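The values are calculated or read from the model by the stated rules, or taken from the named source; none is laboratory data. These figures come from a predicted structure and were not determined experimentally. Note that we place each Cβ from the backbone using ideal geometry, even for glycine, and neighbour counts take in every protein chain shown.
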């Protein structure tokens, strides 16, 4: 990737179809065409995660989601024919499920050297945390939507010859009074044993899954994950393997929790803008203690040049798509992209002034994200205030990929960690704890 900083682009949020970028070959350092006024570059240090990359689709109930190209057609997507695997070294696969406040996501992969090959993926907007800010409980409708998605996941686990799966639930289940009851119901009805992980573990897995997309450079860097119910910020120091975590913070503001806590958007633009300013104040206040703690690191990063920043969330991938003016979401164009931070701010400002009807008409937002994207913009701008990077790295990967790397590394022959799951901010192969209960779950064929 070129080392210069692209000029801050004045980005127009429009639905104009942009010219598609031609695919890269090899490991060339190519640039991605952005808007007419500016361009964004793609980091070319992404790991060779081969196979069909998940792409945006519409699933069977009309909701926007992600599936792998292999899930659509091709021999890799099919069940092996009877007898076809004999003598061919047919390998077991591993799976990761990330049940968040807004989405239910599944990734299934097979080991491929130091990386993995994705063979199936699934994502559905379930809004598990809908109404949680007001009631403190998961609603019946939200649980039913989520169970329907998890039944799809369970069927995929059976079909894909999955040896071991780790399934995690995050902020919605951590916060809900009936979160543990719902986890037990999921286990009974689908056979999936969800582990309600801590915010610290959530942050660690996100870093493990996406840190390879962070720009190279000296000094501390920031990785963040804007979720549905919470946002995690992780200050890291790069190493030759997995980054060392210097500090971290989780705040209870995600796109769902912040949207619901701040009420309706109002009738006119003035009310919408005031609501947006209120959102930014709430998030900034929640960051204040963390901001004070990392002040020396912020100064050190500035001393090394522009601070490095990487984000993994639907917010950053959606805004990156708008920056590129894509006609529809394309993971291959977005994952690993690096965009001027000023462009993301300008898009956020424009979206915050639009009505929900106007946002629904924009490519890559649609009905599913139109009411939530503004809260994501407010969180992103608060992060850019906290860590004033000139450029933002975009990752369409995170917790699921972190889980898969942990599972595959811990079961690699010779590691002495069979049946273990790596823990802590250390290289995945160097620290394992025994598997138990719903942490790493062997997938039975008879379920």
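Just checking, does segment 255-262 include any residue being closer than 19 Å to residue 403 by Cβ and crowded, with 23+ Cβ neighbours inside 10 Å? No, there is no match, as no residue in segment 255-262 is closer than 19 Å to residue 403 by Cβ and crowded, with 23+ Cβ neighbours inside 10 Å. For segment 381-400, the set of residues classified as touching a strand residue (DSSP E or B) at 6+ places or on another chain (Cβ under 7 Å) and part of a helix (DSSP H, G or I) consists of 383, 399, 400, listed by residue number. Taking segment 342-363 as the range and being part of a helix (DSSP H, G or I) and either surrounded by fewer than 20 Cβ atoms within 10 Å (Cβ to Cβ) or within 17 Å of the chain's Cα centre (by Cα) (or both) as the test, the residues that pass are 342, 345, 346, 349, 350, 353, 356, 357, 358, 360.
For segment 148-187, the set of residues classified as surrounded by 17 or more Cβ atoms within 10 Å (Cβ to Cβ), part of a helix (DSSP H, G or I) and touching a helix residue (DSSP H, G or I) at 6+ places or on another chain (Cβ under 8 Å) consists of 150, 153, 154, 171, 172, 173, 174, 175, 179, 182, 183, 186, listed by residue number. When residues in segment 126-147 are screened for being out of contact with any strand residue (DSSP E or B) (no Cβ under 6 Å at 6 or more places or on another chain) and not in a helix (DSSP H, G or I), 9 of them pass.
Among the residues of this structure, residue 338 counts as one that is more than 18 Å from residue 277 (Cα to Cα), at pLDDT 95 or above and assigned by TED's automatic domain parsing to the domain that holds residue 273.
When residue 222 is tested against the conditions (1) on the phi > 0 side of the Ramachandran plot; (2) touching a strand residue (DSSP E or B) at 6+ places or on another chain (Cβ under 7 Å), the lone failure is (1). Scanning segment 127-144 for residues that are surrounded by fewer than 19 Cβ atoms within 10 Å (Cβ to Cβ) and out of contact with any helix residue (DSSP H, G or I) (no Cβ under 6 Å at 6 or more places or on another chain) yields 131, 134, 135, 136, 137, 139, 140, 141, 144.
Criterion applied to 194, 213, 273 was being in contact with a helix residue (DSSP H, G or I) (Cβ under 8 Å, 6 or more places away or on another chain) and either assigned by TED's automatic domain parsing to the domain that holds residue 352 or at pLDDT below 95 (or both), and the one residue passing it is 273. Would you mind stating whether residue 232 is surrounded by 23 or more Cβ atoms within 10 Å (Cβ to Cβ), under 19 Å from residue 395 (Cβ atoms) and free of Cβ contacts under 8 Å to residues at least 60 places away in the same chain? So residue 232 passes the test. Is at least one residue of segment 298-313 within 27 Å of residue 265 (Cβ to Cβ) and not in a loop (DSSP other than H, G, I, E, B)? Within segment 298-313, one or more residues are within 27 Å of residue 265 (Cβ to Cβ) and not in a loop (DSSP other than H, G, I, E, B).
Residue pairs whose Cβ atoms lie under 6 Å apart, sitting 6 or more positions apart in sequence or on different chains, and linking a residue in segment 102-116 that is assigned by TED's automatic domain parsing to the domain that holds residue 371 to a partner that is part of a strand (DSSP E or B), do not occur here. Here residue 218 fulfils each of the conditions (1) surrounded by 19 or more Cβ atoms within 10 Å (Cβ to Cβ); (2) within 29 Å of residue 309 (Cβ to Cβ) apart from (1).
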